[in-house]
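Just below is one structure, and these are the notes that go with it.
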Protein chains: 2
Amino acid sequence: MTNVVDADTIFKELRTHSISEFFRKNSQMLGYSGKVRSLTTVVHEYSSNSLDACEEANILPEILVEVREIAEDKYSVKVKDNGPGIPTKIIGRVLATVLSGTKFHRYVQQRGQQGIGGSGCTLFSQITTGKPIHIKSGTTKNAYECDLTIDIKSNRPLITNMKDIDGSFKGLEIFGEFGDVKYESSDHGIFEYVRRTALSNPHASIKLIEPDGKENIFTRSVLELPKKPKITKPHPLGIGTNDLVEFAHMSESRKISSFLVDTFSRLSQNKVDELQALVSDVDFGMDPKKLAWSDAEKIVNAFRQVKWIVPDLDSLSTIGGGQIEATIKNILNPQFMSVVERRPKVFRGGIPFVVEAGIAYGGNAGKTTDTGARGVTLRFANKVPLLFDGSICAITTAINGIEWKRYGIKDFENEPISVMVNVSSVYVPYSGVGKQAVSQEPEIIDEIKLAVQDCARGLQRYMSGEKNRALHTSRYKIIMRYVSQLATNLNEITGIKKEEIEKQLKSLIDTRYRKLVEDEARNNAESDGEKSDYGDGEEGEG
Amino acid sequence: MTNVVDADTIFKELRTHSISEFFRKNSQMLGYSGKVRSLTTVVHEYSSNSLDACEEANILPEILVEVREIAEDKYSVKVKDNGPGIPTKIIGRVLATVLSGTKFHRYVQQRGQQGIGGSGCTLFSQITTGKPIHIKSGTTKNAYECDLTIDIKSNRPLITNMKDIDGSFKGLEIFGEFGDVKYESSDHGIFEYVRRTALSNPHASIKLIEPDGKENIFTRSVLELPKKPKITKPHPLGIGTNDLVEFAHMSESRKISSFLVDTFSRLSQNKVDELQALVSDVDFGMDPKKLAWSDAEKIVNAFRQVKWIVPDLDSLSTIGGGQIEATIKNILNPQFMSVVERRPKVFRGGIPFVVEAGIAYGGNAGKTTDTGARGVTLRFANKVPLLFDGSICAITTAINGIEWKRYGIKDFENEPISVMVNVSSVYVPYSGVGKQAVSQEPEIIDEIKLAVQDCARGLQRYMSGEKNRALHTSRYKIIMRYVSQLATNLNEITGIKKEEIEKQLKSLIDTRYRKLVEDEARNNAESDGEKSDYGDGEEGEG
């Protein structure tokens, strides 16, 4: 082996890089890959932040999204909300420091989780146009505007042109210019993103101004704010040994026993006794700061042996069955829909999540193409539409695993059907930093499948009702065609006037036919039970 | 709107998190999702680092991978190499600091790019077992062992039990224990990972000891080290405005003109003059530290208007056509193979990359299942096997876009065929931090498609030859069956002994048949031209 190079030479250029530098070089990992996707990602990040902020401030959101073409492959995006604004002294950390945020460490469900999205947009603006983003913010205390960029080497904010503005300005307005982007009316474009955001946020009013000047207004379907998710203590089943050790070492409690009660939800003194009996060799009187890995591991194993009350919904914020119905009716106006809101479940041992699903059929459901209607999957996580990376998403896997033929859908691809799934969790396991797909957790896939199958059973009844109606209609038409002949024959036998016989026969057949159709509808409605299926009964009588 | 919450309250818990904390919470983004995948990811990270280190040190790699089951869902992994080792004083930064590395900022192709993989394993070990990883390292200067963990809050290394060991120890040995993992013999398991690593690294010798004690030795197929990639200057076509500004502001050159010549490859004084003519309003005599975005943008646009010599291969390290052939023959022993090494191309305006492809048919190619052989895609980036996220990978997209019927493959899914693609680049655009898929860059997809189609044409000739041979063979057998009857008839007519006639007829038919088969083989060989197709000619005569 000649010319062997030694370790000192090889490692002489060792450096530690900032997270901003990393994402500057790998912006595709934040969703900035492809011109259309990149522009959608900007709107996705800003509008999610606006919805989160309004929800936290108890404000019904009014959001404006305005996209303008500046030059070829260069667009400006303005997103304005009526939210609480951002205090002056932290604006740089909120929108120009990667990994800064209020949400990362709290047990509360929000759209944003990571403290990456907003700062990622700032980074993307400066690396594609060299420009800062411009902010206007009005809180209850003051209003100001400024320009923001990130010092990439240090991941610190650079704030310029800070000045006060008229105090009547309320909320947050972000204006940025972005290069290597393109506006397109496709399944992956901003219009579709905003339309789906409206679908999953029926309490929001969103206005989108497209580059050609066209204004689209998505009015709210409901007037109440969604139930606000509570910051809760973590559930014992959601805890790994590493978490337990970390919580224990940070704890102010004096004993393991009180630490357990103070730190976790559903963990009473009775449960502590139950746990202590299972791990009698661990001293629950010990200072939690001294908890060793091996003892923590025993406690976590004990967590999995005792019975727990399931995590409650307080930390989870769903869209809500009634809201989904209102919004589907408002936006898709289908002939049939069925909505299911499942009970919360846990994945990875104990992280709570909840699945909501809806199926819409007919009307504006599905996607209209030149060759007819097509089936569409509408994926959401914490009410945020997921437009990309569908092929690696748990929602797609679940829906592809359903035998649609069983539910009266011969070919999902070629039916006017929309399947909507929203996965809500304090911690959604996204497959990537760009948060466009839910990773393939088996418990999540199973739960989605159950939810969609539940809706699909309603659809199946509707479809078979449709089939029966079609059958009745065709028999009705055949009989009607013979009525004239029959009336002539009966006239010959009975001597009653042909017109009279014809009229009576028609009336008889009509009544009988209507009864059949009504029975069908009633049967469907009864067997639906507590689930909310809604089939437009008038359709069959057309 | 009641109970509106103000911005100060909402943002009071704002925090900045370390990158270690981020990946502790989102370990699935590093590839730690699913028990099998997680264990494969550990071997993937350690063995890639070993191969990189050996290559840089000019050492033919000998790698040992040993996996042992410790408890249910808990395994230890040991990876030992004969590489250069790691100097004592930087071991903590190399393997216990996320985003530290030697490779991030250099223009040279290596398997690792980000300074995340090795430290990610340390993080995964400590969050699933609470244990440090144990290191033994021997450089040309000293040998030592130590334990490593990461202080997650600060992303700094914690080094314990450091001590000298016998100086005869050379190379690096890493031993770690990992929880929530599982060893499995599947397409996503460690055996398959190592087998594919051997396929794409014919110069490496790899021994895998499985948890059941079974030893698998993959011997090297070639004895030379691959051509070492050179650290080159970036090509002007690979540069964005942001890069140019950053390079300029860090430059020691006194003028823009000399800065350009010093910084970029293929950029001579002649090219500077050409560029200056295109952007006459930019002062090339100016201090590069003062280069403004707008001027930089003009220069980058000018870069795209002049003609450049394509980026050279020096910075790229391919497997090499001959090496691919040797390794395919060694590991798959197919009836037919065709290998193509394309010329370097650029994506995103100018980042150089090169595609190699190989098709193997028959023998051990494809995957053997209970229901027969199945087609297999072997994806590689910088010679590293990609086992996960195939559905979002540019390689899969390219291969799925090929009409296999045209090339004699009726149903790719059900043929004994392996298609191997390796994408090499100083900067591979991975779709995620876990580096398991190449993102969908149009230029890369097109280039892969061309490479595979090129190989497929060889396959098509082989398959049609096979078909002709099958035809000849069946005719031959039919004629042979009539020889006895014919000989009887001829004996009756001519009086010549039946045995004599039969012998002569058989000889005549045999000769004619062999000639047909040989012509076929020759025709195939001639039309193959410079590409290296290799069909096992003896097969047709069996």
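Just the residues that are of a type outside the set (D, E, K, R) and either under 33 Å from the mean Cα position of the chain (by Cα) or in a loop (DSSP other than H, G, I, E, B) (or both), please, taken from the range A:300-311. Once the filter is applied, which keeps residues that are of a type outside the set (D, E, K, R) and either under 33 Å from the mean Cα position of the chain (by Cα) or in a loop (DSSP other than H, G, I, E, B) (or both), the range A:300-311 yields A:300, A:301, A:303, A:305, A:306, A:308, A:309, A:310, A:311. Of the numbered criteria (1) part of a loop (DSSP other than H, G, I, E, B); (2) under 25 Å from residue B:317 (Cβ atoms); (3) at pLDDT 90 or above, the one residue B:118 fails is (1). From the list B:265, B:253, the one residue that fits, being within 30 Å of residue B:109 (Cβ to Cβ) and buried (at least 18 other Cβ atoms within 10 Å of the Cβ), is B:265. Would you be able to say whether some residue in the range A:335-355 is within 30 Å of residue A:45 (Cβ to Cβ), assigned to a loop (DSSP other than H, G, I, E, B), within 17 Å of the chain's Cα centre (by Cα) and not assigned by TED's automatic domain parsing to the domain that holds residue A:38? Yes, the range A:335-355 contains a residue that is within 30 Å of residue A:45 (Cβ to Cβ), assigned to a loop (DSSP other than H, G, I, E, B), within 17 Å of the chain's Cα centre (by Cα) and not assigned by TED's automatic domain parsing to the domain that holds residue A:38. In this structure, residue B:222 does not satisfy being modelled with pLDDT under 95 and farther than 26 Å from residue B:318 by Cβ. Applying the condition of being more than 10 Å from chain B (Cβ to nearest Cβ) and touching a Ser or Thr at 6+ places or on another chain (Cβ under 8 Å) to the range A:421-439 and asking which residue is farthest from residue B:23 (Cα to Cα) yields A:421. Of the residues making up the range A:5-30, those that are more than 7 Å from every other protein chain (Cβ to nearest Cβ) and farther than 17 Å from residue B:171 by Cα are A:12, A:18, A:20, A:21, A:23, A:24, A:25, A:26, A:27, A:30. Listed by first and then second residue, the pairs linking a residue in the range B:80-96 that is assigned by TED's automatic domain parsing to the domain that holds residue B:155 and farther than 20 Å from residue B:126 by Cα to a residue that is among the charged types (D, E, K, R) and assigned to a loop (DSSP other than H, G, I, E, B), with Cβ atoms under 8 Å apart and 6 or more places separating them unless they lie on different chains, are B:82/B:170; B:84/A:6; B:85/B:170; B:87/B:141. Do we have residue B:33 as at the interface with chain A (Cβ under 10 Å from one of its Cβ atoms), small (Gly, Ala, Ser) and free of Cβ contacts under 8 Å to residues at least 12 places away in the same chain here? Yes; evaluated as a whole, the condition is true for this residue. Of all the residues in the range B:407-422, those that are assigned to a helix (DSSP H, G or I) and among the charged types (D, E, K, R) number 1.
Filter the range B:151-185 down to the residues that are among the polar types (S, T, N, Q), in a loop (DSSP other than H, G, I, E, B) and free of Cβ contacts under 8 Å to residues at least 60 places away in the same chain and list them by number. Before you say what the answer is, go through the steps one by one.
As a first pass, look at the range B:151-185 and keep what is among the polar types (S, T, N, Q): B:154-155, B:160-161, B:168, B:185.
Cutting the leftovers down to in a loop (DSSP other than H, G, I, E, B) gives us B:154-155, B:168, B:185.
Of everything in the range B:151-185, those that are among the polar types (S, T, N, Q), in a loop (DSSP other than H, G, I, E, B) and free of Cβ contacts under 8 Å to residues at least 60 places away in the same chain turn out to be B:168, B:185.
Against the conditions (1) over 27 Å from the mean Cα position of the chain (by Cα); (2) at positive phi; (3) within 14 Å of chain B (Cβ to nearest Cβ), residue A:297 satisfies every one except (2). Evaluating residue B:409 against the criteria (1) surrounded by fewer than 19 Cβ atoms within 10 Å (Cβ to Cβ); (2) in contact with a Gly (Cβ under 9 Å, 6 or more places away or on another chain); (3) of a type in the set (Val, Ile, Thr) leaves one unmet condition, (1). If you check residue B:133 against the conditions, is it within 21 Å of residue B:42 (Cβ to Cβ) and of a type in the set (Val, Ile, Thr)? When the stated conditions are applied, residue B:133 passes them.
Within the range A:279-293, the presence of a residue that is within 14 Å of chain B (Cβ to nearest Cβ) and touching a residue at least 60 places away in the same chain (Cβ under 8 Å) is excluded. Quick one: how many residues across the range A:312-334 are on the phi > 0 side of the Ramachandran plot and part of a helix (DSSP H, G or I)? Number of matching residues: 0.
Which of the residues belonging to the range A:341-370 are β-branched (Val, Ile, Thr), surrounded by fewer than 24 Cβ atoms within 10 Å (Cβ to Cβ) and closer than 19 Å to residue A:404 by Cβ?
Across the range A:341-370, the qualifying residue is only A:369.
Conditions tested, residue by residue: (1) buried (at least 23 other Cβ atoms within 10 Å of the Cβ); (2) at pLDDT 90 or above; (3) in contact with a Ser or Thr (Cβ under 9 Å, 6 or more places away or on another chain); (4) assigned by TED's automatic domain parsing to the domain that holds residue B:384.
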position: B:2; (1), (2), (3), (4): no, no, no, no
position: B:5; (1), (2), (3), (4): no, no, no, no
position: B:29; (1), (2), (3), (4): yes, no, yes, no
position: B:34; (1), (2), (3), (4): no, no, yes, no
position: B:37; (1), (2), (3), (4): yes, yes, no, no
position: B:40; (1), (2), (3), (4): yes, yes, no, no
position: B:47; (1), (2), (3), (4): yes, yes, yes, no
position: B:50; (1), (2), (3), (4): yes, yes, no, no
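The number of residues in the range B:232-278 that are within 14 Å of another protein chain (Cβ to nearest Cβ), under 12 Å from residue B:302 (Cβ atoms) and in a helix (DSSP H, G or I) comes to 2. Here residue A:180 clears all of (1) surrounded by 14 or more Cβ atoms within 10 Å (Cβ to Cβ); (2) within 28 Å of the chain's Cα centre (by Cα); (3) at negative phi except the condition numbered (3). Could you list, in sequence order, the residues of the range B:1-57 that are closer than 30 Å to residue A:138 by Cα and of a type in the set (Asp, Glu)? Those that are closer than 30 Å to residue A:138 by Cα and of a type in the set (Asp, Glu): B:6, B:8, B:13. Which members of the range A:412-428 meet the condition of being buried (at least 21 other Cβ atoms within 10 Å of the Cβ) and more than 21 Å from residue A:196 (Cβ to Cβ)? Listed by number, the list holds a single entry, A:426.
The values are calculated or read from the model by the stated rules, or taken from the named source; none is laboratory data. It should be emphasised that the depicted structure is a prediction, and the values quoted were computed from it without experimental measurement. Counting neighbours? That spans all protein chains shown, and the Cβs are built from the backbone with ideal geometry, glycine included.
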